[in-house]
Amino acid sequence: MGKNDNIAKWGQNFVKPLYFRKGTLFLLDQTILPHKVKYIRYTTARQTAKAIKTMIVRGAPAIGCTAAYGVVLAARQYQHRKNYKELIYREIDALAATRPTAVNLFWALRRQRLIVEQGRTASGVAKALTLEANRILAEDIDMGRRMGEYGAKLIKTGASVLTHCNAGGLATGLVGTALAPVYAAVARGKKVKVYADETRPRLQGARLTAWELMQNGVPVTLITDNMAAYIMQLGKIDIVFVGADRIAANGDTANKIGTYSVALAARHHGIPFYVVAPTSTVDLQIRTGRQLPIEERSADEVTLVGKTRIAPRGVNVFNPAFDVTPARLVTGIITDRGVCRRPYRRSLAKVKKEEF
Ligand code: MRU
């Protein structure tokens, strides 16, 4: 698939996780899904940073796109200040301090920082940042469709796919990563059904993946995380697709906590386990999984389900938001530039070179 090839434009009617209109950023509030579909308006970079931290918006590619618009908001806020560049850099730092694992955040901010550095006037910078943010969003959607096309070839009609967390449209600019092959396969007329892990503690699988697939007409069955291995043993799963927050140069992959257990179970049962991620998620600066930064979040996420306390007050809690799946458990990494196979050091470096 070349850069200018026509690719099927499925997903145009999907719910938008974010959009930018007339100087305002709109984010779909993912903390209240599936109960309410509500967009929140953002006009400052600080509010945007808070939205990323509190997971109003989440999923590595969606975080990157949102941060890019956060910088646009900063430029608009400080357009009339003499030291506008310095003020924008401060906002970029605040945006970067929100979530440490998703590399798309830093990738998008680096692109925006370059625009600021090269700018000559405040209004010129604001315009150029808006164009770049629009480009980042459009590229993300295009990359999603490309991953979908590559991944769909691996799905046989009648297949059962297992996924973890939400790496669908909601986690990206529009069309998803891990769910993109499913959507592309369905668009080609294949019959596909999905098993969605509920994904403790934030329940992205139950709240978001189940909702999103139902909205988009794809049959989905919800299971709790501890059911995945048994369902594989029952022979109900043909293939696993998961997303990624950051992929090291050797293919070790950081993704939502619980992904590693799914990979182990898939290996045991001889089920192919694919990571689906755009080239913007590959971080060649990180050599192996041991260097991947893993976010730890608050104890409340584990001790409360919604507002209900399920553990004794004061209990010790460990809450890593992500884990690392070693490359040896990964059958392939589906990127927008093709499917990378072992040795990943070579195949990932190759697709990174061809990046947008
Ligand atoms: O904590 P979250 O909800 O931001 O974590 C999301 C994931 O782990 C996704 O699998 C990953 O970001 C890829 S999204 C296309």
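So which residue, out of ALA62, ALA102, ALA249, gets the largest mean-square fluctuation from a GNM of the chain using Cα contacts under 10 Å as springs?
ALA249
May I ask you to list the residues of the range 12-47 whose amide nitrogen lies under 17 Å from a point 7 Å from Cα along the Cα→beta-carbon direction of ASN134?
Within reach of a label on ASN134, which here means backbone N under 17 Å from a point 7 Å along Cα→Cβ, the range 12-47 contributes 18-26.
What translational D, rounded to a whole number of µm²/s, comes out for the range 225-356 from Stokes-Einstein when the hydrodynamic radius is the Kirkwood one over Cα pairs, at 20 °C and 1.002 mPa s?
Reported coefficient: 134 µm²/s.
What is the distance in Å between the Cα centroid of the range 252-300 and that of the range 156-222?
Going from one Cα centre to the other spans 18 Å.
How large is the charge dipole for the range 79-122, taken about the Cα centre, if only the Cβ atoms of Lys, Arg (+1) and Asp, Glu (-1) carry charge, to the nearest 20 debye?
With Lys and Arg at +1 and Asp and Glu at -1, about 120 debye.
Decide, for the range 126-225, between rounded, prolate and oblate: order the square roots of the alpha carbon gyration tensor eigenvalues as a ≥ b ≥ c, take rounded if a/c falls under 1.5, and otherwise choose prolate if a/b is larger than b/c, else oblate.
oblate
Trypsin sites (Lys or Arg not before Pro), restricted to the range 93-139: which are DSSP loop and have at most 13 other Cβ atoms within 10 Å?
Counting only loop positions with at most 13 other Cβ atoms within 10 Å, the trypsin sites (Lys or Arg not before Pro) in the range 93-139 are ARG120.
Give or take rounding to whole Å, what are the principal axis extents of the alpha carbon atoms in the range 68-183, in descending order?
61, 24, 17
Grab the DSSP H runs of the chain that are 4 residues or longer, score each as -39,500 (n - 2.57), total them, divide by all residues and round the 222 nm result to the nearest 500 deg cm²/dmol. Let's see the in-between values first.
On the way: 11 runs with 132 residues, N = 356.
That comes out to -11500 deg cm²/dmol.
Once you have the alpha carbon radius of gyration of the chain, what is it after dividing by 2.2 N^0.38 Å, with N set to its residue count? Before the final figure, lay out each step's value.
Working: Rg = 19.6 Å, N = 356, 2.2 N^0.38 = 20.5 Å.
Normalised by 2.2 N^0.38 Å, the Cα Rg of the chain equals 0.96.
May I ask you to compute the full-extension gain from GLU86 to ASN316, defined as 0.36 nm times their residue separation minus their alpha-carbon distance, rounded to one decimal in nm? Provide the component values of the computation, followed by the final result.
Details: separation 230, 0.36 × 230 = 82.80 nm, distance 4.14 nm.
The span from GLU86 to ASN316 would gain 78.7 nm if fully extended.
Can you give the % of DSSP beta bridges in the chain that are antiparallel, to the nearest 5?
Expressed as a percentage, antiparallel bridges in the chain total about 50.
Expressed as a whole number of Å, what is the distance separating the alpha-carbon centroids of the range 27-87 and the range 302-324?
For the range 302-324 versus the range 27-87, the Cα centre distance is 27 Å.
Which of the residue pairs LYS38/LYS191; LYS9/LYS353; LYS16/LYS350; LYS9/LYS256; LYS85/LYS352; LYS22/LYS127 have a Cα-Cα distance greater than 22 Å in the structure shown?
Distance filter (> 22 Å) returns LYS38/LYS191; LYS9/LYS353; LYS16/LYS350; LYS9/LYS256; LYS85/LYS352.
No lab work stands behind these numbers, since they all come straight from the coordinates. Quick caveat: nothing in here was measured; it's all calculated off a predicted structure. Positions of Cβ are backbone-derived with ideal geometry, glycine not excepted, and every protein chain shown enters the neighbour counts.
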